[in-house]
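Just so it is clear, none of the values below were taken in a lab; they were calculated from the coordinates. Computed from a predicted structure; not experimentally measured. Cβ atoms come from the backbone with ideal geometry, glycine included; neighbour counts cover every protein chain shown.
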Amino acid sequence: AAVEVDDPLVEVPSATPSEIESRIGGYIAELIPDGATLQIGVGGIPNAVLAALTGHKHLGLHTEAMTDGVLPLLESGVIDNSLKKVMPGTTVASLALGSATLLLFLEGFDYRKDLVMKDVTWTNDPFRIRENPRVMAINSAVEVDLTGQVCADSVGERIISGVGGQHDFMYGGALSEGGKTFIAIPSTTPKGE
């Protein structure tokens, strides 16, 4: 069934990075080469990485969730997608999570040749992701244990999100020639634990 609705689109405010998240983002940005293809998760650390990439050149974007953090890099030409192998010259995403500014940017995407929204099964296919060289998959977590297990979806028994494409992009990024994968998290909770 289809129901016609004339309600405004839902806005998702961007996480503002804390001082610690900004420092982590800066460290990760130093490890990202020019010409890399980015997958960016959501949250303070991924936004901090994006904010620290303003001096980079010829970055690409092939991601699941497009957020406000990519807009300055797209508008300044830092993300130009020129060195991607999968859909070169084109920003690829599956969904958008952000403010009215992001939604307005996307509003005319039917007329944009440089932006494509694809089905999640296409964007998140690890074997498609790996076709791009130097994939940098940047995600955050809620917890990481001493054996390297990552929890990105719950706190105890309380579900706070789905894991989304994190696993797909971590796998595809690890298979990519020159790719790197990042799971970033502060070493202490906001309460200092």
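Report for the chain the percent antiparallel among DSSP-assigned beta bridges with both residues inside it, nearest 5. All intermediate terms of the calculation are to be shown ahead of the outcome.
On the way: 4 of 23 bridges.
So the antiparallel bridges amount to about 15 percent of the total.
What percent does the relative contact order of the stretch 1-101 come to when contacts are Cα pairs within less than 8 Å and at least six residues apart?
Once normalised by length, the contact order is 29 percent.
Using a cut-off of 13 Å between beta-carbons, work out the net charge of the residues near residue 51 (Lys and Arg +1, Asp and Glu -1, residue 51 not included). Spell out each step's value before the answer.
Details: positive: 23; negative: 19, 21, 68.
Charge balance in the 13 Å sphere: -2.
Percentage of Cα-Cα pair distances in the stretch 27-175 greater than 21 Å, rounded to whole percent? List each step's numbers first, then the result.
Values: 4519 of 11026 pairs.
It works out to 41 percent of all Cα pairs.
What Kirkwood radius, in Å to one decimal, follows from the Cα pairs of the stretch 1-103? Please report the intermediate quantities before stating the final value.
Details: mean 1/r = 0.0696 Å⁻¹.
About 14.4 Å, per the Kirkwood formula over Cα pairs.
Sequence gap of 8 or more, or different chains, plus Cα separation below 25 Å: how many lysine pairs satisfy both in the stretch 78-193?
Values: 84/113; 84/118; 84/180; 85/113; 85/118; 85/180; 118/180.
Close lysine pairs found across the stretch 78-193: 7.
Quick one: 3J(HN,Hα) in Hz for the stretch 182-193, Karplus 6.51/-1.76/1.60 with θ = phi - 60°, rounded, Gly and Pro as x.
10, 10, 10, 7, x, 7, 10, 6, x, 8, x, 7
Suppose only helical runs count, i.e. DSSP H with n ≥ 4. What mean residue ellipticity at 222 nm does that imply for the chain under -39500 (n - 2.57) per run, divided by all residues and rounded to the nearest 500 deg cm²/dmol? Can you show the working numbers first?
Values: 7 runs with 52 residues, N = 193.
For the chain, the value works out to -7000 deg cm²/dmol.
What does the charge dipole of the chain about its Cα centre add up to, to the nearest 20 debye, if the Cβ of each Lys and Arg holds +1 and the Cβ of each Asp and Glu holds -1?
Values: 13 positive and 25 negative charges, 148 e Å.
Here the size comes out at about 720 debye.
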